[in-house]
Amino acid sequence: MGSWLFLFLVGLFLAPSVSGVGSRNVTYDGRSLIIDGQHKILFSGSIHYPRSTPQMWPSLIAKAKAGGLDVIETLVFWNLHEPQPEQFDFSGQRDIVRFIKEIQAQGLYACIRIGPFIQGEWSYGGLPFWLHDIPGIVYRSDNEPFKYQMKKFVSKIVNMMKAEKLYASQGGPIILSQIENEYGMVEAAFRDKGPPYLRWAAEMAVGLQTGVPWVMCKQNNAPDPVINACNGRRCGETFPGPNSPNKPAIWTENWTSFYQVYGDEPDIRSAEDIAFHVALFIAKKGSYVNYYMYHGGTNFGRTAAAYVLTSYYDQAPLDEYGLFRQPKWGHLKELHAAIKLCLNPMLSGVYTTMALGKSQE
């Protein structure tokens, strides 16, 4: 049997199956997420539903699964869904429910990063421009007009997922949700209005009772029980770790290349560099790694942020058109299969560190 075929079969055998089952209990401890009592090391990939077409979704998700992924992660795009106040659009490429159900149909888990400020090199960071006209509003601050609008949208998305029974607690695929996005980078600029907003956002999200954990990325002071997560290329080196011994180490954005603006050369990150830093993060008790992006896709129309190309993260394991980008896709597939063969000792063994020589352990 060829090595590629062997690894493919191993990936199929070890991949989760999440369709057609009852409710799941998703919790966590200092080691990892725990799904129905089992500790998990999970590999995830970002595929954004509006950056491809519904006709592409089944193929993209299938290729991600074949590449050894367990989870599909997506941002949620407020300004796409509510272009005018109280006028909602979930049709076509905006059909997030259809996208999540396709993930479920293929037996994978899902993570939705609601934000609702998402950055993502998306126009206005995903915020609807009409917010600008609300009297007295200050975005992402302890500001009542903004908090009112934010809670209303987040609640709508959560209630849509609940109505379709898409949370793991209902038998669906969603095992994680994210509130806010990289707020730690700007929190100090809001002075005394920053920390109260952060606490409010966490309490608001948890209060929606999804039955699954919430995360905040680049937020080392994420309030309990929200998990603080890392974004970047080298989280095995740069992440200070969970802010509680009872939270797992999660990497929400492992940048597989970088977005490109007009006039710049493509940012090339080798498959070997990505794999090394994934292995390092796992070796340091990391338990969830999401590739941002696994498929970047296309910024259709005028959805991209200023100067960002229509082609988004074309150097990802699946290129703009959903084709395999080798050796990146195949190299990471083999990494996932190798790590999954070692799950039992990694999740149940006792960690020790040994010096092997200068700068080696």
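The values are calculated or read from the model by the stated rules, or taken from the named source; none is laboratory data. Everything quoted here is computed from the prediction, not taken from an experiment. We place every Cβ from the backbone using ideal geometry, glycine too, and count neighbours over all the protein chains shown. When the accessible area is computed, the model is the full protein with side chains, heavy atoms only, and any ligands, DNA or RNA have been set aside. Shrake-Rupley method; radii C 1.70, N 1.55, O 1.52, S 1.80 Å.
Computed quantities for the displayed model
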| item | result |
| --- | --- |
| Residues of the range 151-176 satisfying the condition of being open to solvent by 50 Å² or more (accessible area, probe 1.4 Å) and not polar (S, T, N, Q) | Lys151, Lys152, Lys156, Lys162, Ala163, Glu164, Lys165 |
| Helices (runs of 4 or more DSSP H) fully within the range 75-187 counting 1 or more residues that are hydrophobic (A, V, I, L, M, F, W, C) and modelled with pLDDT under 95 | none |
| Residue match in the range 294-310 (condition: under 26 Å from Glu237 (Cβ atoms), touching a residue at least 40 places away in the same chain (Cβ under 8 Å) and polar (S, T, N, Q)) | no |
| Hey, Ile179 in contact (Cβ under 8 Å) with a residue 12 or more places away in the chain, of a type in the set (Val, Ile, Thr), surrounded by fewer than 20 Cβ atoms within 10 Å (Cβ to Cβ) and more than 15 Å from Tyr292 (Cβ to Cβ) or not | no |
| Scope the range 278-305; condition β-branched (Val, Ile, Thr) and over 16 Å from Tyr49 (Cβ atoms); matching residues | Val278, Ile282, Val289 |
| Close pairs from the range 338-356: first within 13 Å of Lys285 (Cβ to Cβ), partner open to solvent by 90 Å² or more (accessible area, probe 1.4 Å), Cβ under 6 Å, at least 6 apart | Thr353/Glu361 |
| Hits in the range 196-208 - residues which are open to solvent by 10 Å² or more (accessible area, probe 1.4 Å) and without any contact (Cβ under 8 Å) to a residue 40 or more places away in the chain | Arg199, Glu203, Val206, Gly207 |
| From the options Ser52, Ser123, residue that is in contact (Cβ under 8 Å) with a residue 12 or more places away in the chain, small (Gly, Ala, Ser) and under 24 Å from Gln326 (Cα atoms) | Ser52 |
| Residues that are touching a residue at least 24 places away in the same chain (Cβ under 8 Å) and either farther than 20 Å from Glu73 by Cβ or β-branched (Val, Ile, Thr) (or both), drawn from the range 216-243 | Asn220, Asn221, Pro223, Val226, Ile227, Glu237 |
| Residue check for Pro327: without any contact (Cβ under 8 Å) to a residue 40 or more places away in the chain, open to solvent by 10 Å² or more (accessible area, probe 1.4 Å) and farther than 28 Å from Gly126 by Cβ | no |
| Filtered residue count, the range 123-138, keeping only those that are open to solvent by 10 Å² or more (accessible area, probe 1.4 Å) and either touching a helix residue (DSSP H, G or I) at 6+ places or on another chain (Cβ under 8 Å) or hydrophobic (A, V, I, L, M, F, W, C) (or both) | 9 |
| Count - residues of the range 228-269 that are in contact with a helix residue (DSSP H, G or I) (Cβ under 8 Å, 6 or more places away or on another chain) and either more than 20 Å from Ile47 (Cα to Cα) or hydrophobic (A, V, I, L, M, F, W, C) (or both) | 8 |
| Any chance Tyr321 is open to solvent by 60 Å² or more (accessible area, probe 1.4 Å), in a loop (DSSP other than H, G, I, E, B) and within 30 Å of Arg94 (Cβ to Cβ) | yes |
| The range 74-120 - residue that is at positive phi and in contact (Cβ under 8 Å) with a residue 60 or more places away in the chain and, of those, surrounded by the fewest Cβ atoms within 10 Å (Cβ to Cβ) | Gln119 |
| Any chance Val186 is within 20 Å of the chain's Cα centre (by Cα) and either at negative phi or surrounded by fewer than 18 Cβ atoms within 10 Å (Cβ to Cβ) (or both) | no |
| Condition broken by Ala337, with the remaining ones in (1) surrounded by fewer than 12 Cβ atoms within 10 Å (Cβ to Cβ); (2) more than 30 Å from Phe77 (Cα to Cα); (3) small (Gly, Ala, Ser) satisfied | (1) |
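Conditions tested, residue by residue: (1) open to solvent by 40 Å² or more (accessible area, probe 1.4 Å); (2) modelled with pLDDT of 95 or more; (3) not in a loop (DSSP other than H, G, I, E, B).
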| position | (1), (2), (3) |
| --- | --- |
| Arg24 | no, no, no |
| Ser44 | no, yes, yes |
| Ser59 | yes, yes, yes |
| Ile72 | no, yes, yes |
